[in-house]
Amino acid sequence: WYWQKEKREPYVKFMEANYPPGFSYEDFGPLFTAEFFDPNQWADILKASGAKYVVLTSKHHEGFTLWGSKYSWNWNAVDVGPKRDLVAELATSVRNRTDLHFGLYHSLFEWFNPHFLEDATNVFKTRKFPTSKSLPELYEIVTKYQPEIIWSDGDGNAPDTYWNSTGFLAWLYNDSPVRDTVVTNDRWGVGSICTHGGFYTCSDRYNPGHLLPHKWENCMTVDKRSWGYRRNAQLDDYLATEDLVKQLVETVSCGGNLLMNIGPTHDGHIAVIFEERLRQMGAWLKVNGEAIYGTKPWRVQNDTVTPEVWYTFSPKESRVNAIFLNWPVSGTLELGEPQAKLGETQVKLVGYKELLKWVALGEKGIVIALPQLTPKQMPCQWGWTLQLTAIN
């Protein structure tokens, strides 16, 4: 897009300097080789990350499908490049080796598809593209791979009537093989984002910082500058694990899910830095997962007195979780929101055996004495959870 449509100078120059004259985007197809793609290894990394669902980009805006689509002739991973059905392989491994829900991302529009460009010229009065390409592909991936999440994207500035989104969704929820399990997002045509859908995404990297009345998802990237893999990325371009933990905690406190994007390489492997980030998230969730999984937002999302403290509520245990991102130098943590009851309220640091001492601050608020721990004794490195029981 930057190279061929917007003709941005750095991209044009890079292509001229590094590729033969007349090299087209299609010529990248055979260079996408995926020789190191091991779906079992991917599944193991995903499982280790503590994630509960995964969404694979089955087709992005350039129209190349990662499965052998009959509607994407000679522009798919079975006919060109890897010569493998990457969607099928990953779906099988995820289902055999993990309990993750398997989802698929699918772009409605395609930047340079002649049918789409023709429809756009006709102000979407004609519907050549959705009837011959986009919709048949959607029916195909649902029937073939039975994904539990359909993550739609890229409306191409066309309305949902052009895409026949309601027709497809009616089939999906009433008659498709996943009608009882499927979940969808909100990107089904101009005006539908943040308004219609199973869960709202609202915008990329959406993190409102307050409670929303509808289920939502923060879809963001570990590489701050890209949704793909960049060979020229610097260390500083990647979010550190403490940044990712912060994103997760803020998101879940406000009733959202976190969809954390990584870009695999052309040869099919997950770069070591992405693997490390995923495994570190999993290590954090191993300790603090009770404050994340199966929780609901509490009556407040973050603390009024101490910054960087976020709350979740565990309904089964009737427990308030206070996740604090900075360990106080004083050794005491003051929380302005919880109303503690003398002789009833208990405070526990997750990963530490003994109960913690606390004092109430009048009507509302509590001061908690944290244990004195060496770095080795810390339950985890980034963000700690206090479990509070018998709290108003």
- For Leu361, placing the label point 7 angstrom along Cα-to-beta-carbon and taking the range 275-304, residues whose amide nitrogen sits under 17 Å are 300-304
- Which of Arg231, Arg84, Arg127 fluctuates most in a GNM of the chain (C-alpha springs under 10 Å)? That residue is Arg231
- Accessible area, probe 1.4 Å, largest first, for residues His269, His196: His196, His269
- Using only helices, what value at 222 nm comes out for the chain when you add -39,500 (n - 2.57) per DSSP H run of length 4 or more and divide by the total residues, to the nearest 500 deg cm²/dmol? -7000 deg cm²/dmol
- Message: Quick check: from the Cα gyration tensor, does the range 296-389 come out rounded (a/c under 1.5), prolate or oblate?
- Response: rounded
- Query: the range 37-109 to the range 259-305: how many Å between their Cα centroids?
  - Reply: 21 Å
- For the range 1-138, alpha-carbon Rg and Dmax in angstrom: 17.4, 49
- Message: Rounded to the nearest 10 Å², what accessible area does Tyr19 have for a 1.4 Å probe in the complete protein model?
- Response: 50 Å²
- Query: Roughly to the nearest percent, how much of the accessible area of the range 113-189 is carbon and sulfur, given a 1.4 Å probe?
  - Reply: 54 percent
- Note on the structure: Sorted list, accessible surface of protein heavy atoms, 1.4 Å probe, largest first, for Cys202, Cys254 is Cys202, Cys254
- Net length gained if the chain between Arg179 and Val272 were fully extended (0.36 nm per residue, minus Cα distance): 29.8 nm
- Message: Per-residue counts of other Cβ atoms within 10 Å, averaged by peptide: what ranking do you get for 375-387, 130-142, 345-357, highest first?
- Response: 130-142, 375-387, 345-357
- For the range 296-389, what relative contact order do you get, as a whole percent, if you take Cα pairs closer than 8 Å and at least 6 residues apart? 30 percent
- Message: Looking only at Cβ-Cβ distances, which cysteines of the chain have no other cysteine closer than 4.7 Å?
- Response: Cys219, Cys254, Cys380
- Item | GluC sites (Glu not before Pro) within the range 307-343, DSSP loop, no more than 14 other Cβ atoms inside 10 Å | Glu308, Glu317
- Tensor-based shape of the range 9-291 (alpha-carbon gyration tensor, a/c under 1.5 rounded, otherwise prolate or oblate): rounded
- Name the shape class, rounded, prolate or oblate, that the alpha-carbon gyration tensor gives for the range 157-280, where a ≥ b ≥ c are the square roots of its eigenvalues, rounded holds for a/c under 1.5, and otherwise prolate holds if a/b is larger than b/c and oblate otherwise. prolate
- Run through the DSSP bridge list for the chain and note the antiparallel percent, rounded to the nearest 5. 60 percent
- In whole percent, what relative contact order does the range 203-277 give with Cα contacts below 8 Å and a gap of six or more residues? 39 percent
- Message: For the pair Glu354/Phe23, report the inter-label distance in nm, with labels modelled 7 Å from Cα in the Cβ direction.
- Response: 6.5 nm
- Taking a probe of 1.4 Å and leaving out DNA, RNA and ligands, the range 296-389 shows per residue an accessible area in Å² of 55 Å²
- Item | DSSP-assigned coil residues among trypsin sites (Lys or Arg not before Pro) in the range 35-83, each with at most 15 further Cβ atoms within 10 Å | Lys52, Lys70, Lys83
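The values are calculated or read from the model by the stated rules, or taken from the named source; none is laboratory data. These numbers were taken from a predicted model, which means no experiment stands behind them. Backbone-built Cβ (ideal geometry, glycine too); neighbour counts: all protein chains shown. Only protein heavy atoms, including side chains, enter the accessible area calculation; ligands, DNA and RNA are left aside. Shrake-Rupley method; radii C 1.70, N 1.55, O 1.52, S 1.80 Å.
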